[in-house]
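Q: Would you mind keeping the following structure in view while I ask a few things?
The values are calculated or read from the model by the stated rules, or taken from the named source; none is laboratory data. Since this is a predicted model, take the numbers as computed values, not measurements. Because the Cβ atoms are built from the backbone with ideal geometry, glycine has one as well, and the counts that use them run over all protein chains shown. Accessible surface areas use protein heavy atoms only, side chains included; no ligands, DNA or RNA. Shrake-Rupley method; radii C 1.70, N 1.55, O 1.52, S 1.80 Å.
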Amino acid sequence: MACDTHRPFKDGETLMSVRNLSFYYGGRRSGGRGGKADAKPDAKPDAELGAKHDVGPDAVHSGKHDGRSGVLHNAGHHSRPALHGINLEFKAGRLCGLLGPNGSGKTTLFKCCLGFNKPDQGSVELGGRPLREFSQRHLASHLAYVPQEHQATFPFLVREMVEMGRTPHRSGFSGLTEKDRHVVAHALELVGLSELAEENYSRLSGGQRQLVLVARALAQEAFMLFLDEPTSSLDFSNQLVVWETVRDIARQGMGAVICCHDPNHILWFCDEVAVLKHGRLLASGPVKSTITSALLEELYERPVTIADAWGKTFICP
Amino acid sequence: MFQHGLVLRYSRVFLFWCICTFTVVPTHSQHKCDPYILGASSGAACGAALAIIFPYIFPQGQLAAFICALAAVLLSYGLVRSRGQIPPMALVLSGIIVGALFSAMVGIMKYLAADTQLREITFWMMGGLHYATWADAALAMGAVLPIFLLLWRFGWQLNILSLGDEEARSLGLNPASARLLIIIAATFMSAICVSICGIIAWVGLMMPHAARMLFGPDHRWVIPGSALLGAIYLLFCDTIARTLIDSEIPLGIVTSVIGAPYLLWLLRSRGRAVYGL
């Protein structure tokens, strides 16, 4: 298709754009149209992006965020948008960090970008075409999702886990081709796990499991990676290994979006950042110029200092 | 000699009993759902009892069993489906509820039945190969073989479904439609088998896990593997059933007596490795 033709991409070329995206709770997920009907009356897209919005008592208790489903379990707030007028661009060769407190809509934005959620307003475009024009299978050869490190139900081997990434490229009855095997081996090599290929995935350490999932995404031969809090359950050194691997992969001309809770990691590893609060885009742009103590204080509603030491920038509470 | 040949032949019918039962397992990862749990056997029993008691309304016993088994499984799925999702634990519960409903109907019919009919129902429910005829075997092969090949072809998709819906979608597979197809195929297959041989429990629950231990978790191996193991196990149990005492012991009893302790042992010793519990 259109976006396949000119790989590799030029550095900084826009791969995916989110245009005026709004998504409402209860619109699609509940199945019924009731929630959506409630949402419609105040569904006017807000022109002033990045504006401070409803920081009242209502907004502060923004509901319990269920990390898995990305839904606020807050019955009284069905009409509140999960995402409101988001405009973003993801570029080739850039690692984009997605920062925001729990319940800010990061996961919902991810799901909209991956085509799991259909936006109620606006669109997500891939190479200039809205996502809904792609089939699930076609989308999977362009976009890859790296979930949080998990235990597989069945004890698959590392190689088998990575081979699953070839699903969108397989056809019908045929088994894995020579090319598939080559791509899988190469993906494992890129994340540095070649010698663990025949190990049991469930017996690896958390960091290694996360890298296997990154390798699977690479085996998909997608050009956009979406990583959902990849380091949240890892120890200090494993966090750095995963971040470095992802950054190196992104530098080779892919786009990568990474959802993260530690602003320090975003400062150290990401090229760009998008900051979400209450479903609105607070700020976006290059990391160095965007992340300021004023922004972080607004985001977390507590004093934050940014300090330079040993040639690195640190964010301290 | 003739009897021995018969056993071999009928065991082929059962080769497939196990495949159908276990394909549902990974689609609802971590829960051991087979059509037995989803009420297929109670449904089939109800259909068979209907045919035994009201032969003039339901002249075809197997057809009635088949339809009722299919209805029971679809009902368990239908009851539990909410917001386009099927929560696995709720599925087990709804299977129990539907099973209880059909069992109650069987109970009513047993109460109403004459002595010979009661005896017939009881034997049918214990399960066995002695009812099956050559025509049944042909029917089972004809229906089950294509479905088996279809499910085998879906082995890769089953692997991916076991990772969970979201990952399946991100890998380009539509989990809802793949699951629906697999469930319908598996239910169809098991309903045919149950309608021919009655309720033979535990084969479908045991053999997939035994196959997993032998061949690893890849469903492209587990599917043919458990079919083969299921046939071997049934042959083994049928031999015991025919030779242990003078008269034939119903096969369903033998498979349960051997199968239940096996599953208990499996859960205690290798629960984590096999089920990911």
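Q: Suppose the filter is assigned to a helix (DSSP H, G or I), more than 29 Å from B:L151 (Cβ to Cβ) and out of contact with any strand residue (DSSP E or B) (no Cβ under 9 Å at 6 or more places or on another chain); does B:R242 pass it?
A: Answer is yes for this residue.
Q: Right, another one. It is to be established whether one or more residues within region A:155-164 are buried (at least 16 other Cβ atoms within 10 Å of the Cβ), away from every other protein chain (no Cβ under 11 Å) and not small (G, A, S).
A: yes
Q: Okay, next question. Within region B:143-186, take every residue that is β-branched (V, I, T) and in contact (Cβ under 8 Å) with a residue 40 or more places away in the chain and give me the one that is nearest to B:F66 (Cα to Cα).
A: B:V144
Q: Give region B:91-117 a look and list any residue that's under 24 Å from the mean Cα position of the chain (by Cα) and of a type in the set (F, W, Y), or say none.
A: B:F102
Q: Which members of region A:179-203 meet the condition of being touching a helix residue (DSSP H, G or I) at 6+ places or on another chain (Cβ under 8 Å), within 14 Å of another protein chain (Cβ to nearest Cβ) and either on the phi > 0 side of the Ramachandran plot or open to solvent by 50 Å² or more (accessible area, probe 1.4 Å) (or both)?
A: If the condition is that a residue be touching a helix residue (DSSP H, G or I) at 6+ places or on another chain (Cβ under 8 Å), within 14 Å of another protein chain (Cβ to nearest Cβ) and either on the phi > 0 side of the Ramachandran plot or open to solvent by 50 Å² or more (accessible area, probe 1.4 Å) (or both), then A:E198, A:E199 are the ones that fit.
Q: Name the residue, out of B:L91, B:L63, B:L74, that is at pLDDT below 85, in a helix (DSSP H, G or I) and open to solvent by less than 20 Å² (accessible area, probe 1.4 Å).
A: One residue alone meets the criteria, B:L91.
Q: Let me ask something else about it. Would a scan of region B:43-54 turn up a residue that is aromatic (F, W, Y) and either outside any helix (DSSP H, G or I) or modelled with pLDDT under 65 (or both)?
A: yes
Q: Kindly indicate whether A:F226 is in contact with a Lys or Arg (Cβ under 8 Å, 6 or more places away or on another chain) and under 22 Å from A:G93 (Cβ atoms).
A: No, not satisfied.
Q: With the checklist (1) among the small types (G, A, S); (2) modelled with pLDDT of 85 or more; (3) open to solvent by 30 Å² or more (accessible area, probe 1.4 Å) in hand, flag the one item A:G128 doesn't pass.
A: (2)
Q: Collect the residues in region A:107-124 that are within 14 Å of A:E89 (Cα to Cα) and surrounded by fewer than 19 Cβ atoms within 10 Å (Cβ to Cβ), keeping them in residue-number order.
A: Correct list: A:S123 only.
Q: More than 20 Å from A:L114 (Cβ to Cβ) and either buried (at least 18 other Cβ atoms within 10 Å of the Cβ) or more than 8 Å from every other protein chain (Cβ to nearest Cβ) (or both): is that true of A:E149 in this structure?
A: No, not satisfied.
Q: Here is a list of conditions, (1) in contact (Cβ under 8 Å) with a residue 40 or more places away in the chain; (2) within 14 Å of chain B (Cβ to nearest Cβ), and A:L176 meets all of them except one; can you say which number that is?
A: Of the numbered conditions (1) in contact (Cβ under 8 Å) with a residue 40 or more places away in the chain; (2) within 14 Å of chain B (Cβ to nearest Cβ), the odd one out for A:L176 is (1).
Q: Please specify each residue of region A:259-297 satisfying the condition of being outside any helix (DSSP H, G or I) and surrounded by fewer than 17 Cβ atoms within 10 Å (Cβ to Cβ).
A: A:H261, A:D262, A:G285, A:P286, A:T292, listed by residue number.
Q: Here's another thing I want to ask about it. Filter region A:204-235 down to residues that are modelled with pLDDT under 85 and outside any loop (DSSP other than H, G, I, E, B) and give me whichever is most open to solvent (accessible area, probe 1.4 Å).
A: Looking at the filtered set, the residue picked out is A:G206.
Q: On to the next question. Somewhere in region A:89-104, is a residue surrounded by fewer than 24 Cβ atoms within 10 Å (Cβ to Cβ), charged (D, E, K, R), touching a residue at least 40 places away in the same chain (Cβ under 8 Å) and within 14 Å of chain B (Cβ to nearest Cβ)?
A: There is no residue in region A:89-104 that is surrounded by fewer than 24 Cβ atoms within 10 Å (Cβ to Cβ), charged (D, E, K, R), touching a residue at least 40 places away in the same chain (Cβ under 8 Å) and within 14 Å of chain B (Cβ to nearest Cβ).
Q: Can you work out which of the residues in region A:298-317 that are open to solvent by 40 Å² or more (accessible area, probe 1.4 Å) and part of a loop (DSSP other than H, G, I, E, B) is farthest from A:L83 (Cα to Cα)?
A: A:W310
Q: Can you tell me which of B:L129, B:L158, B:L163 is away from chain A (no Cβ under 11 Å) and either part of a loop (DSSP other than H, G, I, E, B) or crowded, with 22+ Cβ neighbours inside 10 Å (or both)?
A: B:L129
Q: Let me confirm something: among B:G172, B:G252, which residue is among the small types (G, A, S), assigned to a helix (DSSP H, G or I) and either away from every other protein chain (no Cβ under 14 Å) or open to solvent by 10 Å² or more (accessible area, probe 1.4 Å) (or both)?
A: B:G252
Q: Tell me yes or no: at least one residue of region A:134-146 is in contact (Cβ under 8 Å) with a residue 60 or more places away in the chain and among the basic types (K, R).
A: no
Q: Related question: Within the group A:S135, A:S123, A:S104, A:S171, which residue is of a type in the set (S, T, Y), over 15 Å from the mean Cα position of the chain (by Cα) and closer than 25 Å to A:L282 by Cβ?
A: The unique qualifying residue is A:S123.
Q: Please enumerate the residues belonging to region B:132-155 that are surrounded by 18 or more Cβ atoms within 10 Å (Cβ to Cβ), in a loop (DSSP other than H, G, I, E, B) and either away from every other protein chain (no Cβ under 14 Å) or of a type in the set (D, E) (or both).
A: If the condition is that a residue be surrounded by 18 or more Cβ atoms within 10 Å (Cβ to Cβ), in a loop (DSSP other than H, G, I, E, B) and either away from every other protein chain (no Cβ under 14 Å) or of a type in the set (D, E) (or both), then B:A132 is the only one that fits.
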